[in-house]
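The values are calculated or read from the model by the stated rules, or taken from the named source; none is laboratory data. Note that the structure is a prediction, hence the values are computed from the model and not measured. All Cβ positions, even for glycine, are placed from backbone atoms using ideal geometry, and neighbour counts span all protein chains on display. Calculation scope for accessible area: heavy atoms of the full protein, side chains included, ligands and nucleic acids excluded. Shrake-Rupley method; radii C 1.70, N 1.55, O 1.52, S 1.80 Å.
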Amino acid sequence: MAMLEVTNLSISFGGLRAVDDFNVSIEEGALYGLIGPNGAGKTTVFNLLTGVYKPSEGHIILDGKDITGKKTIEINKEGIARTFQNIRLFKELTVQENVMVGLHNEITYPTIAGILKLPSYRRAEKEMREKSIELLKVFDLDQEADTLASNLPYGKQRKLEIARALATNPKLLLLDEPAAGMNPNETLELMNTIQFVRDQFKMTILLIEHDMKLVSGICSKLTVLNFGQVLCQGDTEEVLNNPEVVKAYLGE
Amino acid sequence: MEDAKKKKMTAYTKQMIITYGMVIAVYIICEICMHTGHMSNQMKGLLVPLCYYAIMAVSLNLTVGILGELSLGHAGFSCIGVFVGAVFSICMKDVITVSYLRFFLAILLGALAAGVIGFLIGIPVLRLRGDYLAIVTLAFCEIIKNVVNIIYLGKDSNGLHFSTKDMMSLGMEEGAVEIVKGPQGISGMPSDANFTIGILLLLITLFVVLNLIHSRDGRAIMAIRDNLIAAESVGINITKYKLMAFSISAALAGAAGVLYAHNFSIVKATTNNFGYNMSIMILVFVVLGGIGNIRGSIIAAVILTLVPELLRGLQQYRLLIYSVVLIGMMLLNWSPKAIEWKEGIVTKLKRGRNKQVEKQAD
């Protein structure tokens with residue numbers, strides 16, 4: 001049984017068919033890559049999966065449950081978390097608080113308990129702090145727990161975004177160009193982290209990436225998008241050697 | 001790790017203690033001055049309004065600084081508090097004779113009414129952002145003020161009478177109590193407010209706002225401020241938390257309004273006290289005190305209320321000096337040089353203290 005099953009997914013903006021008949025099936029625990037030239041509709045697919053856009057046609061089934069047309073918060077509760085191409089952190093909050101916001105629906109207490117500082121508040125806050133530090137440790141960010149998110153270096157901001165997404169305890173993690181703007185060393189480190197996350201949290205990961213070293217290094221399967229349509233789909237090696245993919249995206 | 005956590009907790013507690021301590025210290029000093037006769041009557045008359053302005057500034061900071069939405073209708077919510085609280089007190093004057101209890105209930109009722117109206121206004125209005133939201137809240141504030149100005153309410157042995165035309169159309173018996181008289185305002189409130197209650201209300205406001213900020217809900221509200229799309233993507237209910245911040249802010253303004261009403265014998269809803277002039281003045285307190293800085297709001301509210309009052313003797317130069325103070329405060333708060341200078345002083349003080357400690361150790 002696949003973790004994510006997408007069938008005939010399409011969306012039009014006016015006359016433009018941004019995504020046309022997109023199909024994908026991702027097995028549980030897979031590291032799946034979505035690649036293609038700029039403007040191919042990759043991020044639009046992410047926005048469709050997370051409910052930012054409502055699809056014109058098609059179905060999205062997560063872990064056997066139809067989540068087509070649901071709102072972003074509902075989809076997050078069903079188990080899809082994402083990061084963004086242009087980093088979107090809570091800049092005025094600390095690193096730890098960013099992750100604690102991610103834990104918002106995981107550990108809860110009523111508003112009144114927070115205002116009156118009841119025991120349930122103290123207990124839940126303690127649990128939140130411990131859990132967030134645990135997560136930050138995975139990304140080697142625990143030393144910066146009290147730093148403002150906006151003061152982190154770029155590479156760490158990317159990692160923090162992943163940590164925050166993981167805090168929502170998702171089944172499927174969507175990473176939108178996680179290695180963008182990173183140097184080769186940082187990228188290498190990120191590859192290890194992504195694989196670690198997959199193994200440690202038994203996570204299914206779908207990622208968009210332009211860095212072919214990362215894609216060929218960690219993704220087991222790929223889908224290539226071009227002009228909103230699936231150009232090619234299959235095992236990484238096959239896809240990357242496909243002459244059409246080479247012509248449309250990789251360059252001869 | 002444990003140490004770091006402890007350190008953080010103490011830093012946060014320290015900030016809280018400074019804020020509460022500042023308010024309590026000012027209270028004690030004022031009380032001492034009052035009892036030893038070192039306070040002018042003019043100053044005494046200002047104490048409750050000062051509390052009112054401080055509460056207004058703190059509660060508006062919840063909307064502007066923490067939620068990050070520009071609201072220009074804050075005075076409207078306090079206007080609701082004024083009239084609901086005052087009407088309740090006048091009606092209950094003979095029923096509940098314990099003034100503290102009556103005032104407490106009036107504050108609760110005023111806060112509740114303002115909170116509910118804030119919630120109802122918030123539902124359509126909070127879909128807007130930025131300048132658009134500012135304009136619409138401004139409009140609602142004016143609507144509230146104008147509606148209050150056409151209300152006529154009186155009480156006689158048959159119960160309450162209500163009209164929107166004039167006093168005559170109430171058709172009341174002889175010897176009836178006229179409670180709300182349209183543009184002539186509301187009068188006959190028992191003077192239940194005093195400085196102690198004002199300070200208590202300010203402390204409660206601080207308690208609610210500061211604890212809210214440091215809770216799960218407060219983080220959600222600040223997450224919405226910092227990045228709406230990201231907040232939504234981690235499962236935060238945007239509408240819920242926007243409404244929560246907005247209506248708590250309105251409720252606290254309502255409570256402040258009740259305090260304000262019971263400090264005067266007559267309150268009229270004019271542009272100066274419940275119109276946009278006041279809303280903008282409160283916003284000035286918040287901006288000058290530092291957006292999102294709760295303690296700053298109180299300090300700015302106190303200074304900027306005191307300055308024009310204390311300068312009354314200078315007549316035409318009064319507003320000139322007021323504007324200079326405004327500019328001066330802005331520079332002191334935000335200019336990079338001033339911030340550097342302030343930090344320099346702090347480190348010097350710290351070094352001095354460390355030296356003293358070392359000397360003592362020797």
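With respect to being assigned to a strand (DSSP E or B) and open to solvent by less than 10 Å² (accessible area, probe 1.4 Å), A:Ile11 fits the description. Looking across segment B:224-237, the residues that are at the interface with another protein chain (Cβ under 8 Å from one of its Cβ atoms) and either in a helix (DSSP H, G or I) or in contact with a Lys or Arg (Cβ under 7 Å, 6 or more places away or on another chain) (or both) come down to B:Arg225, B:Asp226, B:Asn227, B:Ile229, B:Ala230, B:Ala231, B:Glu232, B:Ser233, B:Val234, B:Gly235. Among the residues examined, B:Ser279 qualifies as crowded, with 24+ Cβ neighbours inside 10 Å, modelled with pLDDT of 85 or more and in contact with a Cys (Cβ under 8 Å, 6 or more places away or on another chain). Criterion applied to B:Ser233, B:Ser279, B:Ser247 was being free of Cβ contacts under 8 Å to residues at least 24 places away in the same chain and among the hydroxyl-bearing types (Ser, Thr, Tyr), and the one residue passing it is B:Ser233.
Among the residues making up segment B:95-116, those that are part of a helix (DSSP H, G or I) and surrounded by fewer than 22 Cβ atoms within 10 Å (Cβ to Cβ) are B:Ser99, B:Tyr100, B:Leu101, B:Arg102, B:Phe104, B:Leu105, B:Leu108, B:Leu109, B:Leu112, B:Val116.
Within segment B:226-238, can one find any residue that is farther than 27 Å from B:Leu326 by Cβ, surrounded by fewer than 24 Cβ atoms within 10 Å (Cβ to Cβ), of a type in the set (D, E, K, R) and under 20 Å from the mean Cα position of the chain (by Cα)? Checking segment B:226-238: not a single residue is farther than 27 Å from B:Leu326 by Cβ, surrounded by fewer than 24 Cβ atoms within 10 Å (Cβ to Cβ), of a type in the set (D, E, K, R) and under 20 Å from the mean Cα position of the chain (by Cα).
Looking across segment A:93-116, the residues that are within 20 Å of A:Ile162 (Cβ to Cβ) and over 19 Å from the mean Cα position of the chain (by Cα) come down to A:Leu93, A:Thr94, A:Gln96, A:Glu97, A:Ile107. Can you pull out every residue in segment A:166-183 that is modelled with pLDDT of 90 or more and either in contact with a helix residue (DSSP H, G or I) (Cβ under 7 Å, 6 or more places away or on another chain) or away from chain B (no Cβ under 11 Å) (or both)? Selection gives A:Leu166, A:Ala167, A:Thr168, A:Lys171, A:Leu172, A:Leu173, A:Leu174, A:Leu175, A:Asp176, A:Glu177, A:Pro178, A:Ala179. Among the small types (Gly, Ala, Ser), over 30 Å from B:Arg312 (Cα atoms) and in contact with a helix residue (DSSP H, G or I) (Cβ under 8 Å, 6 or more places away or on another chain): is that true of B:Ser99 in this structure? Taking the combined requirement at face value, the residue does not satisfy it.
β-branched (Val, Ile, Thr) and farther than 23 Å from A:Asn226 by Cα, is that true of A:Val101?
yes
The sole residue among B:Gly296, B:Gly313, B:Gly292 that is part of a helix (DSSP H, G or I) and within 28 Å of B:Met222 (Cα to Cα) is B:Gly296. The condition of being at pLDDT 85 or above, within 14 Å of chain A (Cβ to nearest Cβ) and not in a loop (DSSP other than H, G, I, E, B) holds for only one of B:Ala134, B:Ala220, that being B:Ala220. The combined condition, being within 27 Å of B:Tyr20 (Cα to Cα) and in contact with a strand residue (DSSP E or B) (Cβ under 6 Å, 6 or more places away or on another chain), is not fulfilled by B:Ala223.
Every residue, every condition in (1) in contact with a strand residue (DSSP E or B) (Cβ under 7 Å, 6 or more places away or on another chain); (2) more than 7 Å from chain A (Cβ to nearest Cβ); (3) in a helix (DSSP H, G or I), yes or no:
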residue: B:Asn211; (1), (2), (3): no, no, yes
residue: B:Phe246; (1), (2), (3): no, yes, yes
residue: B:Ser249; (1), (2), (3): no, yes, yes
residue: B:Ala253; (1), (2), (3): no, yes, yes
residue: B:Ala269; (1), (2), (3): no, yes, no
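Among the residues of segment B:146-182, those identified as assigned to a helix (DSSP H, G or I), open to solvent by 20 Å² or more (accessible area, probe 1.4 Å) and either modelled with pLDDT under 85 or in contact with a strand residue (DSSP E or B) (Cβ under 9 Å, 6 or more places away or on another chain) (or both) are B:Met168, B:Ser169.
Among the residues examined, B:Leu206 qualifies as at pLDDT 95 or above and open to solvent by less than 10 Å² (accessible area, probe 1.4 Å). The set of residues from segment B:296-318 being open to solvent by 60 Å² or more (accessible area, probe 1.4 Å) and either more than 23 Å from the chain's Cα centre (by Cα) or at pLDDT 85 or above (or both) comprises B:Ile299, B:Ile303, B:Arg312, B:Gly313, B:Leu314, B:Gln315, B:Gln316, B:Tyr317, B:Arg318. Report yes if A:Asn23 is under 23 Å from A:Val245 (Cα atoms), of a type outside the set (Gly, Ala, Ser) and assigned to a loop (DSSP other than H, G, I, E, B), otherwise no. The answer is no for A:Asn23. One residue stands out in segment A:184-234 among those that are in contact with a strand residue (DSSP E or B) (Cβ under 9 Å, 6 or more places away or on another chain) and among the basic types (Lys, Arg): the one that is farthest from A:Gly251 (Cα to Cα), namely A:Arg198.
The strands (runs of 3 or more DSSP E) found wholly in segment A:199-245 and carrying at least 1 residues that are free of Cβ contacts under 8 Å to residues at least 40 places away in the same chain and surrounded by 18 or more Cβ atoms within 10 Å (Cβ to Cβ) occupy A:229-235.
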